[in-house]
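**Student:** Below is one structure. I have some questions about it.
The values are calculated or read from the model by the stated rules, or taken from the named source; none is laboratory data. Small disclaimer: the values here were computed from a predicted structure and weren't measured. No Cβ is skipped: glycine too gets one built from the backbone with ideal geometry, and neighbour counts run over all protein chains shown. These area figures cover heavy atoms from the full protein model, side chains too; ligands, DNA and RNA do not enter into them. Shrake-Rupley method; radii C 1.70, N 1.55, O 1.52, S 1.80 Å.
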Amino acid sequence: MAYTVPKLKDWSAKALDKAGAKLLAALEQESTAVKNKADWKTFRDRWIGRKNGVLTQINDLWLKAAPKDAKRDVGQRVNEIKQQVTAGVEATAFPEGQVNPRIAGEGRSVLSRPASRGVGTVTAALDISLPGNRRALGAEHPIIKTMNEIVSVFRNLGYSVEEGPEIETDYYNFEALNFPPNHPARDTQDTLFIANQESKPLRDRLLLRTHTSPVQIRSMEKMKPPVRVVCPGKVHRNDAPDATHSPIFHQVEGLAVDTNITFCDLKGTLDHAMKALFGSSVKTRFYPSYFPFTEPSADVQISCIFCGGTGYRDGGRCPNCKASGWIELLGCGMVDPNVYRFVDYDARKVSGFAFGMGVERIAILKYGVDDIQLFFNGDARFLEQFG
Ligand code: DAH
């Protein structure tokens with residue numbers, strides 16, 4: 001059906017844009033039917049003819065009819081449309097005998113040429129037949145997504161969330177966690193220190209926290225037992241980046257302190273958490289380990305999610321668990337009574353457990369990622385897969 005200029009009821013920018021786009025689409029469409037000079041004259045008169053051309057009509061129906069307070073905006077838009085229509089009609093003109101360039105397959109919209117005599121804004125190329133610019137939707141980063149998932153498993157068990165600073169003192173990162181000065185366990189942490197602090201006492205010196213465990217101390221300083229907290233966050237170590245190491249990574253720490261908390265509670269809690277994260281068929285085992293702030297300490301292993309814990313798959317040894325059937329995932333233990341002394345808890349009355357897990361490690365296993373660097377180098381082709 002041939003285009004007719006509608007009367008407007010809505011004078012908003014949005015409505016005008018819509019009406020303008022419709023008009024220009026009609027111009028575009030009708031231009032393709034222009035096959036000779038006579039066609040073009042009719043086309044020209046219909047669109048820009050003074051008597052009753054489309055431009056004259058929009059002057060009357062859109063601009064003159066506009067309410068007073070909308071006049072300025074409407075005028076500006078009508079002007080833009082006029083320039084585009086004029087340019088479009090001119091672009092369709094051709095000497096007798098020549099084929100409309102648009103039909104000859106140049107494939108160019110009549111609106112795609114700059115308005116040659118354009119004054120004002122519409123001088124840029126505009127091809128309304130092109131798709132619009134789509135703005136890509138963002139997606140949650142896989143590390144944040146995994147961290148939120150871990151936290152929500154514990155929130156469902158009644159834990160609350162605590163956070164602490166990334167620039168930490170030696171006291172919180174080490175001393176109050178029962179790492180004495182010069183203790184060799186400090187060497188396992190590959191610490192990045194802030195420079196030029198030799199004049200300060202050791203406990204006040206600043207460093208980039210190497211784990212989220214200092215938030216245990218900060219939480220216990222803040223609250224009396226019972227305590228049940230998880231502490232997600234970023235940590236830093238002096239490690240060279242490779243497929244399995246990154247100098248910046250993330251951990252989720254957990255702490256539960258109350259009366260009569262036992263190793264059974266620790267086992268039951270972490271077994272539940274691993275099943276919630278990796279599926280109910282996953283098994284856990286607790287392997288003796290050492291951390292200064294827990295006694296006894298354990299590493300938690302889960303049955304290998306790639307070979308179902310058998311150690312073999314696809315007719316050979318499972319490369320993910322090195323045929324052991326188990327994958328080591330996190331550290332934990334019963335809070336060492338020495339730690340309670342730093343926060344004024346009575347070690348004879350309370351007991352508790354703590355655990356700490358690496359978020360990247362869990363994400364790598366959950367999503368089958370083979371290089372930790374993929375999380376950090378910002379390649380959208382990787383990241384958008386988690387949207
Ligand atoms: N902070 C330890 C690390 O980064 C992990 C850890 C082990 C945290 C045992 C704990 C724990 O709370 O009880 O290596």
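**Student:** If I compute solvent accessible area with a 1.4 Å probe over the protein chains, what percent of it on the chain is carbon and sulfur?
**Tutor:** Here it works out to 51 percent.
**Student:** Can you run the Rg to Rh ratio on the chain? Use alpha carbon positions and the Kirkwood inverse-distance Rh.
**Tutor:** Details: Rg = 34.9 Å, Rh = 27.0 Å.
With Rh from the inverse mean 1/r over Cα pairs, Rg/Rh is 1.30.
**Student:** Continuing with this model, one more query. Provide the solvent-accessible area of D239, counting protein heavy atoms only and rolling a 1.4 Å probe, rounded to the nearest 10 Å².
**Tutor:** The accessible area of D239 comes to roughly 40 Å².
**Student:** What 222 nm value per residue comes from the helices of the chain, counting each DSSP H run with n ≥ 4 as -39,500 (n - 2.57) and dividing by all residues, nearest 500 deg cm²/dmol?
**Tutor:** Numbers: 11 runs with 120 residues, N = 387.
Value at 222 nm, helices only, nearest 500: -9500 deg cm²/dmol.
**Student:** What's the magnitude of the charge dipole for the chain around its Cα centre, counting Lys and Arg as +1 and Asp and Glu as -1 at the beta-carbon? Answer in Debye, nearest 20.
**Tutor:** Details: 50 positive and 45 negative charges, 496 e Å.
The calculation lands at about 2380 debye.
**Student:** How big is the accessible area of L383 in square angstrom, nearest 10, if you roll a 1.4 angstrom probe over the protein chains?
**Tutor:** 40
**Student:** Moving on to the next point. Taking only protein heavy atoms and a 1.4 Å probe, what accessible area per residue, in Å², does the chain have with all protein chains in place? All intermediate terms of the calculation are to be shown ahead of the outcome.
**Tutor:** Values: 21170 Å² over 387 residues.
Here the residues of the chain average 55 Å² of exposed surface.
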